Amino acid sequence: MTRMSLSVLRFKRIFGLFLVLAAILSAGPSMAEEKLPVLNVGYIFTTHHSPFIVAMAQNEEFKEFGVHLRPVVDKLKYELMDGDKPLALFNIIVNKSGSETTTMFAQGNMDIALASGTAIMAGIDQGTPMKMLCPTHVDGMGLVFPPQSTLKGWDQVAEYIRASEQPVKIGYHSPTSAPRIIIEGALQKAGLKVTQDATAQDADVLLVDLKSTSNFIPALTSGQVDAWVGPAPHPEVSELKKVGHIALDLRDLPPAGAWHNFPCCVMAARDAVIAEHPEVLRKTVELLTKSGHWCNEHKPEEGGILAGWTGSPAEAVQKSTIIYTTEPSENWMLGQGTYLDILNSMNKFRGELKGKSLAEVKDKLFDFSFLSKN
């Protein structure tokens with residue numbers, strides 16, 4: 001090949017590369033538009049977050065919903081799919097608690113997460129820009145006595161408390177947890193004196209902070225407490241293992257109906273994600289809604305999935321009275337107001353929620369716009 005031919009060949013190659021580069025540059029904006037947003041999504045190993053766990057486990061089995069999660073790396077990365085169109089890449093984070101979740105939100109390391117509504121409230125009070133988008137469930141909380149107990153229903157529990165010569169010690173796992181707030185509110189409404197002061201011997205009930213759900217069974221077995229209140233599946237697990245007896249479901253506390261559809265866990269998102277990725281959030285809420293309905297209708301299958309994913313006994317999951325829903329019902333909103341009032345009375349707020357009523361901070365706490373198309 002002559003020197004001239006080589007020069008022509010090199011020119012053609014360079015010119016060809018130039019054309020390819022020009023094509024890429026001209027297509028740059030459209031390619032950028034198609035790039036998936038990468039979002040950190042958190043949840044906790046609890047049946048309260050079953051709809052999200054089940055959506056990950058079932059992944060493309062839920063394709064018929066019109067929205068589903070497509071696994072990229074099992075349990076770690078999923079694409080949120082709108083039909084056959086990917087909307088976002090989710091990096092999955094397992095959190096230990098709601099407080100850890102809100103800390104990650106504050107650090108900018110969490111974009112979307114499932115956590116207790118009270119934890120999200122605490123984060124918003126501290127100035128973290130985020131909002132609750134929907135509930136994940138209601139109910140599913142119980143009052144547990146030792147396995148030999150025969151108490152059943154509110155009337156028998158109330159009679160037992162009033163007949164006791166010493167304050168009845170009831171444990172809880174977190175000061176801002178739904179079970180603790182419900183039991184205190186219900187007992188006070190029933191005219192019983194409730195305290196956290198172990199020296200107050202004139203009280204009817206002494207509430208004891210057990211620090212963690214892992215302490216429920218040891219505290220009851222050792223006699224540290226006479227009973228405990230906790231979220232599903234812990235009451236059901238205690239009965240299954242014959243180390244506890246469910247005396248009543250907290251939804252049945254007096255006054256009748258007041259504690260039905262009471263809030264606990266929610267899905268929340270950072271304000272920046274709400275502003276930048278509304279369709280991603282709309283579809284995520286839609287998936288949570290449809291997966292939650294599936295869980296309500298397929299308790300045995302949900303139990304099997306949770307047993308494999310979190311280690312919760314399948315039978316305990318099936319027996320749970322939890323109801324999965326993303327609807328912020330009237331009772332649910334009243335419950336949020338109860339949380340706000342009680343947490344303010346406990347001086348838990350120091351910032352934006354201090355001394356405020358629900359009406360005053362509703363727009364700061366919630367954004368239900370993503371429920372409108374579900």
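Numbers at a glance
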| read-out | value |
| --- | --- |
| Any chance Arg251 is of a type in the set (Lys, Arg), on the phi < 0 side of the Ramachandran plot and at pLDDT 95 or above | no |
| Hits in region 233-262 - residues which are touching a Gly at 6+ places or on another chain (Cβ under 6 Å) and surrounded by fewer than 24 Cβ atoms within 10 Å (Cβ to Cβ) | Ile246, Leu248, Asp249 |
| Listing of helices (runs of 4 or more DSSP H) fully contained in region 263-348 that carry 3 or more residues being open to solvent by 60 Å² or more (accessible area, probe 1.4 Å) | 278-297, 299-310, 314-319, 330-345 |
| Segments classed as helices (runs of 4 or more DSSP H), wholly inside region 68-172, with at least 1 members that are crowded, with 24+ Cβ neighbours inside 10 Å and modelled with pLDDT under 95 | 98-107, 117-125 |
| Residue within region 220-232 that is touching a residue at least 60 places away in the same chain (Cβ under 8 Å), touching a Phe, Trp or Tyr at 6+ places or on another chain (Cβ under 7 Å), assigned to a helix (DSSP H, G or I) and open to solvent by less than 60 Å² (accessible area, probe 1.4 Å) present | yes |
| Filter result for the condition that a residue is out of contact with any Leu (no Cβ under 7 Å at 6 or more places or on another chain) and outside the structural domain of Asp125 (by the TED database), over Leu288, Leu306, Leu371, Leu334 | Leu371 |
| Residue match in region 292-303 (condition: within 26 Å of Ala122 (Cβ to Cβ), at pLDDT below 95 and within 16 Å of the chain's Cα centre (by Cα)) | no |
| Count of region 349-371 residues which are among the basic types (Lys, Arg) and not in a helix (DSSP H, G or I) | 3 |
| Asn374, sole failed condition from (1) modelled with pLDDT under 95; (2) part of a helix (DSSP H, G or I); (3) open to solvent by 50 Å² or more (accessible area, probe 1.4 Å) | (2) |
| Leu220 vs. criteria over 29 Å from Ser369 (Cα atoms), in the same structural domain as Phe145 (by the TED database), at pLDDT 95 or above and out of contact with any helix residue (DSSP H, G or I) (no Cβ under 7 Å at 6 or more places or on another chain) | yes |
| In region 258-281, the residues that are of a type in the set (D, E, K, R) and either farther than 30 Å from Pro179 by Cα or not assigned by the TED database to the domain that holds Thr102 (or both) | Glu276, Glu279 |
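One line per residue, one yes/no per condition, for (1) modelled with pLDDT of 55 or more; (2) in contact with a Gly (Cβ under 6 Å, 6 or more places away or on another chain); (3) charged (D, E, K, R):
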residue	(1), (2), (3)
Met1	no, no, no
Phe11	no, no, no
Val20	no, no, no
Ser26	no, no, no
Gly42	yes, no, no
Phe52	yes, no, no
Glu64	yes, no, yes
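The values are calculated or read from the model by the stated rules, or taken from the named source; none is laboratory data. Values in this document were obtained by computation on a predicted structure and should not be read as measured data. Backbone-built Cβ (ideal geometry, glycine too); neighbour counts: all protein chains shown. Surface areas here come from the heavy atoms of the whole protein model, side chains and all, with no ligands, DNA or RNA. Shrake-Rupley method; radii C 1.70, N 1.55, O 1.52, S 1.80 Å.
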